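**Q** This is the structure, below, for whatever I ask next.
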Amino acid sequence: MDIATQTETAPPPPPPVTTEQKRASRGATRPGDRIFLGLSRGSGIVLLVIMAAIAAFLTYRSAIALSDNTGNFLTTFEWDANAIPPKFGIAVLAFGTVVSSIIALVIAVPVAVGIALFISHYAPRKLAGPIAYVIDLLAAVPSIVYGLWGALVVAPNLTGLYSWLDSVLGWTGIFSYEGGAPRSLMTVGILLAIMILPIITNVSREVFLQAPKMHEEAALALGATRWEVIRMSVIPFGRSGIISASMLGLGRALGETIAVATVLSPNFLIGTSLLDPGGGTFAQNIASKFNEATVYGRDALIASGLVLFLITLLVNGAARMIIARRKEYSGANA
């Protein structure tokens, strides 16, 4: 009885060590793995140090500028940082940056997703390859080329579109158009949409191509149409990838400088209509005023750059939270 009791209460033997576990334990002590681990960890630390240094620099120079500002930095509709005493604010710049970027996303994301789905699931291979190649080329076009093309070709030919929007949606006040040069935030948004279209398309296409083929074949076997397969299998799988691609495009739209400065007629007024000429963005204001700025004026521009830096961090953080809530659609869990 004592022997049986001891046998019943004895702990179970440990499970046998598998071959994979043995290889993993040996690999953890290999010199090459230790070197790679150290390089990877060091790269991450260097990146954090660089980000912290940028934030510290922007904060220090911004504090110098804000200490002598006679206006409210967040609500003043004026930028006269070279005056004595200086008076400047970011109300117009924040409005123009956010609005033009939102317009770009609203236009670019549906078109980019449609192109990505066409390349990955509809177009024959002989046609999908050239289209993907052209999209890649568009991503490599310099900003100044987009800006010149937008100023000389796109903007002069938007008058008809703006007149049509005024006749259909002018009653809302948002799309009212009173004529004049179409160098407005709407024009900037359209140009930015064209610029970020290749980025969103390329990332979305690669995500759609990674969708599990077994899920698609199972849906087809159950009688689903091609669109139903895409709607039930491909888009849910690639939803987090679409969000990531959109945030990459938004990052470029928020920080775009030369193209916006070439197309926009800047002023420090917030119009009720998106088609009214004028407005401004953070990057455009920094580029246009930096050369003529005094030492204090440059600190003021750096202060506006700090706000753009924070907006970008908030946008990326929000995107990460959205993606984290949709882990069930990630490729790792498919």
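Values in this text are rule-based calculations from the coordinates and carry no lab data. Here the structure is a predicted model, which is why all the values come from computation and not from measurement. Counting neighbours? That spans all protein chains shown, and the Cβs are built from the backbone with ideal geometry, glycine included.
**Q** Checking Val229 against (1) in a helix (DSSP H, G or I); (2) touching a Phe, Trp or Tyr at 6+ places or on another chain (Cβ under 6 Å); (3) of a type outside the set (Phe, Trp, Tyr), which test does it fail?
**A** Every listed condition holds for Val229 apart from (2).
**Q** Sticking with this one: Quick one: which helices (runs of 4 or more DSSP H) lie wholly within the range 139-222 and hold at least 3 residues that are among the β-branched types (Val, Ile, Thr) and under 20 Å from Ala253 (Cα atoms)?
**A** In the range 139-222, 185-209 are the helices (runs of 4 or more DSSP H) which contain 3 or more residues that are among the β-branched types (Val, Ile, Thr) and under 20 Å from Ala253 (Cα atoms).
**Q** Can you confirm whether the range 125-142 contains a residue that is under 19 Å from Trp227 (Cβ atoms) and under 27 Å from the mean Cα position of the chain (by Cα)?
**A** Yes, the range 125-142 contains at least one residue that is under 19 Å from Trp227 (Cβ atoms) and under 27 Å from the mean Cα position of the chain (by Cα).
**Q** Being touching a Pro at 6+ places or on another chain (Cβ under 9 Å) and surrounded by fewer than 22 Cβ atoms within 10 Å (Cβ to Cβ) is true for just one of Ile286, Ile243, Ile258. Which residue is that?
**A** Answer to the check: Ile258.
Results for (1) under 15 Å from the mean Cα position of the chain (by Cα); (2) of a type in the set (Phe, Trp, Tyr); (3) surrounded by fewer than 18 Cβ atoms within 10 Å (Cβ to Cβ), shown as yes or no for each residue.
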{"residue": "Gly223", "(1), (2), (3)": "no, no, yes"}
{"residue": "Arg226", "(1), (2), (3)": "no, no, yes"}
{"residue": "Arg231", "(1), (2), (3)": "no, no, yes"}
{"residue": "Gly238", "(1), (2), (3)": "no, no, no"}
{"residue": "Leu248", "(1), (2), (3)": "yes, no, yes"}
{"residue": "Thr262", "(1), (2), (3)": "no, no, no"}
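**Q** Condition first: over 20 Å from Thr97 (Cβ atoms) and buried (at least 18 other Cβ atoms within 10 Å of the Cβ). Now tell me which residues in the range 148-174 satisfy that.
**A** Listed by number, the residues that qualify are Leu158, Tyr162, Leu165, Gly170.
**Q** OK, next. Would you mind finding the one in Ile107, Ile84, Ile102, Ile90 that is buried (at least 21 other Cβ atoms within 10 Å of the Cβ) and either of a type in the set (A, V, I, L, M, F, W, C) or in contact with a Phe, Trp or Tyr (Cβ under 9 Å, 6 or more places away or on another chain) (or both)?
**A** Ile90
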